[in-house]
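To start, the structure itself, in structure tokens.
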């Protein structure tokens, strides 16, 4: 090192040069003027800082971060998680589409010949369906888990599009469930459930190998279909709030502890009981948006999820807010 550095600790100079260059974004020429050194001496000081460990570099790959979040979710909640990187400034709709597209890419890992898949319609699964690949799974069946009709629509065009897109992708037999999302009277549901045509579909639902669903939430950033499309009246929403409901799976509502059986509206819902859902070997939940966190925590508490596809921001918030 030239005489211009004499009388000063090389480590001290290297540290100062590194702080100015890497932390404050100074140019070498400006650092040289401040330290009364030549540009080449500043360059050598920066090399010294690197060689002596004064400066360390670390590259955080997106995949490393996602994998780390997935491992934390698995450790905390005993579920298999796929964390999907999304641009930080993405809108809620863009985030949902990215999660839907990435989920669709990986769903092939869950399919096998002869599989029966139960689908819950909704905004999230609609996004997944739009990005489905051609998997072509022999002897497969896709069955609708909950009715979609309400007092002004059969719901067939909406739910049918989702089921048909999955069916076309897999080359599967598609089984629609042409009943209301919610019956006006629980007694009417009980009568319908006794019909042979309905019992056939209920039997298929009870034997599914894989359930794929999103989580309904009244304050979701991308409005949940069941809350925005006329399925629930004000009195229904008031009842759900009074019963401390945090979300729904296939139009079956649950609380933050996963409880659901004594929630009144569930007596009129066409969706499968959550005890039945838990008997399904694989239960894939797709979630996007931090407004879904309370619903996620409730679904996890109830044991309704085995596999989770989730965006990175929501995964971080879920871990931050865990007890």
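The values are calculated or read from the model by the stated rules, or taken from the named source; none is laboratory data. Just so it is clear, the structure is predicted and the values come from calculations on it, not from any experiment. All Cβ positions, glycine included, derive from the backbone under ideal geometry; neighbour counts span all protein chains shown.
Quick notes
- Being in the same structural domain as residue 306 (by TED's automatic domain parsing) and at pLDDT 95 or above is true of residue 208.
- Hey, residue 237 out of contact with any strand residue (DSSP E or B) (no Cβ under 8 Å at 6 or more places or on another chain) and at negative phi or not: yes
- Flag for residue 265 being more than 26 Å from residue 116 (Cα to Cα) and either in the same structural domain as residue 211 (by TED's automatic domain parsing) or outside any helix (DSSP H, G or I) (or both): yes
- Candidates 303, 298 - the one that is in a helix (DSSP H, G or I) and either in the same structural domain as residue 201 (by TED's automatic domain parsing) or at pLDDT 95 or above (or both): 298
- Positions within region 74-100 being in contact with a strand residue (DSSP E or B) (Cβ under 9 Å, 6 or more places away or on another chain), part of a helix (DSSP H, G or I) and surrounded by fewer than 18 Cβ atoms within 10 Å (Cβ to Cβ), in sequence order: 74
- Among the residues of region 163-176, just one is closer than 9 Å to residue 144 by Cα and crowded, with 22+ Cβ neighbours inside 10 Å, namely 163.
- Residue that is modelled with the highest pLDDT, among those in region 220-234 that are out of contact with any strand residue (DSSP E or B) (no Cβ under 6 Å at 6 or more places or on another chain) and assigned to a helix (DSSP H, G or I): 234
- All of (1) surrounded by 12 or more Cβ atoms within 10 Å (Cβ to Cβ); (2) closer than 28 Å to residue 233 by Cβ; (3) free of Cβ contacts under 8 Å to residues at least 60 places away in the same chain hold for residue 194 with one exception: (1).
- Qualifying residue in region 54-73 (condition: surrounded by 17 or more Cβ atoms within 10 Å (Cβ to Cβ), more than 13 Å from the chain's Cα centre (by Cα) and either within 19 Å of residue 307 (Cβ to Cβ) or free of Cβ contacts under 8 Å to residues at least 24 places away in the same chain (or both)): yes
Residues checked against (1) buried (at least 24 other Cβ atoms within 10 Å of the Cβ); (2) at pLDDT below 90; (3) in a helix (DSSP H, G or I); (4) assigned by TED's automatic domain parsing to the domain that holds residue 303:
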| position | (1), (2), (3), (4) |
| --- | --- |
| 118 | yes, no, no, yes |
| 126 | no, no, yes, yes |
| 129 | no, no, yes, yes |
| 134 | no, no, no, yes |
| 138 | no, no, no, yes |
| 161 | no, no, yes, yes |
| 178 | no, no, no, yes |
| 199 | no, no, yes, yes |
| 218 | no, yes, no, yes |
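- Count of region 207-216 residues, restricted to those that are in contact with a helix residue (DSSP H, G or I) (Cβ under 6 Å, 6 or more places away or on another chain) and surrounded by fewer than 24 Cβ atoms within 10 Å (Cβ to Cβ), is 1.
- Within region 102-116, considering residues that are out of contact with any strand residue (DSSP E or B) (no Cβ under 9 Å at 6 or more places or on another chain) and not in a loop (DSSP other than H, G, I, E, B), the one surrounded by the most Cβ atoms within 10 Å (Cβ to Cβ): 104
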